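Input: a single structure, listed below in structure tokens.
The values are calculated or read from the model by the stated rules, or taken from the named source; none is laboratory data. From a predicted model like this one, the values you see are computed outputs, not experimental measurements. Here the Cβ is made from the backbone with ideal geometry for all residues, glycine too, and neighbour counts use every protein chain on show. Ligands, DNA and RNA are excluded from the accessible area calculation, which covers all protein heavy atoms including side chains. Shrake-Rupley method; radii C 1.70, N 1.55, O 1.52, S 1.80 Å.
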Amino acid sequence: MKGKVVAITGGFGILGSAVAELAKKRGAKVALIDRAPTPPDGLCDTGSNMLCLGSVDLTDERQAADAIEAVFDRFGGLDVLCNIAGGFAWETLEDGKIDTWDFLYKLNVKTAAVACRAALPALKAAKAGRIVNVGAAGAVKAGVGMGAYAASKSGTMRLTEALAEELKSGSSVTVNAVLPSIIDTPQNRADMPDADPKTWVAPSDLAEVILFLASDAAKAMTGALVPVTGRV
């Protein structure tokens, strides 16, 4: 990753932070883009290889384009887009809200589509552009209460496949996705206190797979949906 410019949506979150730290450690220039106004303490240093952009609504094409332009202006290019922005909600159709389906579509599908569209010119101009999206193992077969979430993550996965096909001709950009099971986060531990988090996927381990897909070593892979399920 040395010298590559990596933009991470949802960069202020647990997984985004893990990808950012690993990318920095491997010599990348990192831009974090997030809806939150400010990053967690200590995440964004003031060095020349880090850029943090808060209060960005990635469902808005103008804001997404401005964010990507800021990355380009700071680092002179863009090699990798990691679409980590997203969210989760558990509710049954009978007892839940239809609005949840719209909300998760915007959060998980539209943010990725808008960010990809904004970043494509820069990624196509790069020597080997990379897009890595985050789908979900739970979207392969939805369980109880997972309908809205699984539908939205399935949309992210179909976006990955379709865009990979779109870019096979005339560009070196690859588009792949990881499909995690349960990620070991403080929120998931709080929500599932009786579960064994040792069976879940550590953010640092998922970051390793994401950065592999973003690397030159994965140049032969595009349109892949890669399960990262730990021991779940």
Relative to the Cα centre, what is the charge dipole magnitude of segment 125-232, using +1 at the beta carbon of each Lys and Arg, -1 at the beta carbon of each Asp and Glu, and rounding to the nearest 20 debye?
220 debye
Which value, in nm² and rounded to one decimal, describes the direction-averaged projected area of the C-alpha convex hull of segment 73-223?
10.2 nm²
Taking the Cα centre of segment 99-186 as the origin, how large is its charge dipole in debye, to the nearest 20, when only Lys and Arg (+1) and Asp and Glu (-1) carry charge on their Cβ atoms?
280 debye
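Which longest run of the chain has no exposed loop site in it, a site being trypsin sites (Lys or Arg not before Pro) in a DSSP loop with at most 16 other beta carbons within 10 Å, and the site itself not part of the run? Write down the numbers at each step before the final one.
Values: sites that count: 2, 26, 97, 127, 141, 168, 219, 231.
Counting at most 16 other Cβ atoms within 10 Å as exposed, the longest clean stretch of the chain is 27-96.
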Using only the alpha-carbon atoms, how far is helix 61-75 inclined from the longest principal axis of the chain? Give it as 0 to 90 degrees, nearest 10.
50 degrees
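Given an 8 Å cut-off on Cα distances and at least 6 residues of separation, report the relative contact order of the chain as a percent.
19 percent.
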Would you mind telling me the share, in percent, of accessible area of the chain contributed by carbon and sulfur at probe 1.4 angstrom?
53 percent
Overall Cα dimensions of segment 1-108, principal axis frame, Å, largest first:
50, 27, 23
Please tell me the relative contact order of segment 102-227 in percent, rounded to the nearest whole number, where contacts are Cα pairs under 8 Å and at least six residues apart.
30 percent
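Write down the Å³ per residue value for the convex hull defined by the alpha carbon atoms of segment 102-158.
Details: hull volume 3.8 nm³, N = 57.
Normalising the Cα hull of segment 102-158 by residue number yields 67 Å³.
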Residue-by-residue Karplus 3J(HN,Hα) for segment 100-106, coefficients 6.51, -1.76, 1.60, Hz, glycine and proline x:
4, 5, 5, 4, 6, 4, 4
Whole number in Å², please: accessible area per residue of the chain, 1.4 Å probe, ligands, DNA and RNA not counted.
49 Å²
